[in-house]
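Novice: The structure under discussion is supplied below as structure tokens; questions concerning it will follow.
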Amino acid sequence: MVCTQSGLAYLPAEPVVLRTVGDLRAFVRACRGRGETVALVPTMGALHDGHLTLAREGLKRADNVIVSIFVNPTQFGPHEDFEAYPRQPAQDIQKLSAVGAQAVFLPTTAEMYPEGASTSVHVKGITETLEGVCRPGHFDGVATIVTKLLLQALPDLALFGEKDYQQLQLIKQVVEDLNIPVEIVGVPIVRDPESGLALSSRNAYLSPAELVIAGTLNKTLFAMAEKIAAGKSLEAIRTWGVTQIKQAGFGNIDYLEIRDAQTLISVTEKDDRPLRILVAAFLGRTRLIDNVEA
Ligand code: PAF
């Protein structure tokens, strides 16, 4: 990609590709040697504007951004889409080059889980609801890989999207419990400008007809938030939301819940605390998640 600024053409620098934990640590050491700060953006690749927003936010807050791309096998259930998950590292690196990220960490599975690796991170409480119930073992995989990435890079900060809202709360808990000296930054969901659909690598699985239906999910959540603000009964709002989602053409709804925004425990009546409306629903074989504040 060629950019022009002040009449001069220039090529944005390619990010450095780091393949091993040793490379990653050497890169961070060099940044530290120059007195510079480092932000880490953990991803599973197939980068879209949601990920690129995390990288741009990282660049505002730190001198260097490292984006890790690793499709983590331990967070997929046996019948989930690990094999089918989109993998396109060359395109991802191009996108990161346009954004200005300094490095991409692209480890192999053997690098992240060497033969004989037998430690995993399990978080109680927040993992025992919502995604934790629907995807047994998923959060152990997430907590383990994120802990490893944070300890491998030891960045100043790490950025995660609010689309995986429960994951973000879980990561904050891990960092606090294990005294990992990294600031965790949550970044608001990036939505399709026309439909409001939360951007996700899994949206690539949707047919054009399914994409239209998918765009109704966020509208239901925002309408529920308005009803909560208007003081309607939370259970009545939840029931209304389920009907709307079903009528739009979704299949099984794993959950549609109104929860305490921090602990994610159930809330039966609105009080002063911030709430979060969270949903996971199937459209054909694709499982979509979304959430909004209330
Ligand atoms: O949100 C994701 O893409 C993944 O769960 C993460 C945080 C990169 C861990 O594999």
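The values are calculated or read from the model by the stated rules, or taken from the named source; none is laboratory data. What you see is a predicted model, and the numbers here were worked out from it, not measured in a lab. Please note: Cβ atoms are built from the backbone with ideal geometry, for glycine as well, and neighbour counts cover all protein chains shown. We work out accessible area using only protein heavy atoms, side chains counted, and drop any ligands, DNA or RNA first. Shrake-Rupley method; radii C 1.70, N 1.55, O 1.52, S 1.80 Å.
Novice: Identify, please: which residue in region 132-146 is in a helix (DSSP H, G or I) and more than 10 Å from the ligand (Cβ to nearest atom) and is, among those, surrounded by the fewest Cβ atoms within 10 Å (Cβ to Cβ)?
Specialist: If we take residues in region 132-146 being in a helix (DSSP H, G or I) and more than 10 Å from the ligand (Cβ to nearest atom), then VAL133 is surrounded by the fewest Cβ atoms within 10 Å (Cβ to Cβ).
Novice: Are any of the residues in region 47-58 in a loop (DSSP other than H, G, I, E, B), within 21 Å of PRO188 (Cα to Cα) and within 12 Å of the ligand (Cβ to nearest atom)? Show your work before the answer.
Specialist: Initially, region 47-58 is screened for residues in a loop (DSSP other than H, G, I, E, B), giving 47-48.
Those left that are additionally within 21 Å of PRO188 (Cα to Cα): 47-48.
Those still in the list that are within 12 Å of the ligand (Cβ to nearest atom) too: 47-48.
Checked region 47-58: at least one residue is in a loop (DSSP other than H, G, I, E, B), within 21 Å of PRO188 (Cα to Cα) and within 12 Å of the ligand (Cβ to nearest atom).
Novice: Given the criteria at pLDDT 95 or above and within 12 Å of the ligand (Cβ to nearest atom), does PRO89 qualify?
Specialist: Judged against the criteria, PRO89 is not a match.
Novice: Considering every residue within region 61-70, establish whether at least one is without any contact (Cβ under 8 Å) to a residue 12 or more places away in the chain, open to solvent by 30 Å² or more (accessible area, probe 1.4 Å) and either within 13 Å of the ligand (Cβ to nearest atom) or over 20 Å from TYR205 (Cα atoms) (or both).
Specialist: Taking every residue of region 61-70 in turn, none turns out to be without any contact (Cβ under 8 Å) to a residue 12 or more places away in the chain, open to solvent by 30 Å² or more (accessible area, probe 1.4 Å) and either within 13 Å of the ligand (Cβ to nearest atom) or over 20 Å from TYR205 (Cα atoms) (or both).
Novice: Just need a number here: residues in region 74-95 that are surrounded by fewer than 14 Cβ atoms within 10 Å (Cβ to Cβ) and assigned to a helix (DSSP H, G or I).
Specialist: Summing the residues that are surrounded by fewer than 14 Cβ atoms within 10 Å (Cβ to Cβ) and assigned to a helix (DSSP H, G or I) in region 74-95 gives 2.
Novice: So, one more: Residues of region 216-252 being touching a strand residue (DSSP E or B) at 6+ places or on another chain (Cβ under 8 Å) and without any contact (Cβ under 8 Å) to a residue 12 or more places away in the chain, which ones?
Specialist: Passing the criteria: only LYS246.
Novice: I need the full set of residues from region 83-120 which are β-branched (Val, Ile, Thr) and closer than 18 Å to PHE70 by Cα, in order please.
Specialist: Within region 83-120, the first condition is being β-branched (Val, Ile, Thr), and the residues that meet it are 93, 99, 104, 108-109, 119.
Selection gives ILE93, VAL104, THR108, THR109.
Novice: Please give the helices (runs of 4 or more DSSP H) falling wholly within region 163-236 in which 1 or more residues are crowded, with 16+ Cβ neighbours inside 10 Å, of a type in the set (A, V, I, L, M, F, W, C) and more than 16 Å from the ligand (Cβ to nearest atom).
Specialist: Details: elements: 165-177, 208-214, 217-229.
Once the helices (runs of 4 or more DSSP H) in region 163-236 are filtered for at least 1 residues that are crowded, with 16+ Cβ neighbours inside 10 Å, of a type in the set (A, V, I, L, M, F, W, C) and more than 16 Å from the ligand (Cβ to nearest atom), what remains is 208-214, 217-229.
Novice: PHE282 is checked against (1) open to solvent by less than 10 Å² (accessible area, probe 1.4 Å); (2) assigned to a strand (DSSP E or B); (3) within 20 Å of LEU211 (Cβ to Cβ) and fails just one. What number does that condition carry?
Specialist: Only one criterion in (1) open to solvent by less than 10 Å² (accessible area, probe 1.4 Å); (2) assigned to a strand (DSSP E or B); (3) within 20 Å of LEU211 (Cβ to Cβ) is unmet by PHE282, namely (1).
Novice: Scan region 250-267 and give yes if some residue there is open to solvent by less than 60 Å² (accessible area, probe 1.4 Å) and aromatic (Phe, Trp, Tyr), otherwise no.
Specialist: yes
Novice: Might you let me know whether region 109-131 holds any residue that is surrounded by 21 or more Cβ atoms within 10 Å (Cβ to Cβ), assigned to a loop (DSSP other than H, G, I, E, B) and not charged (D, E, K, R)?
Specialist: yes
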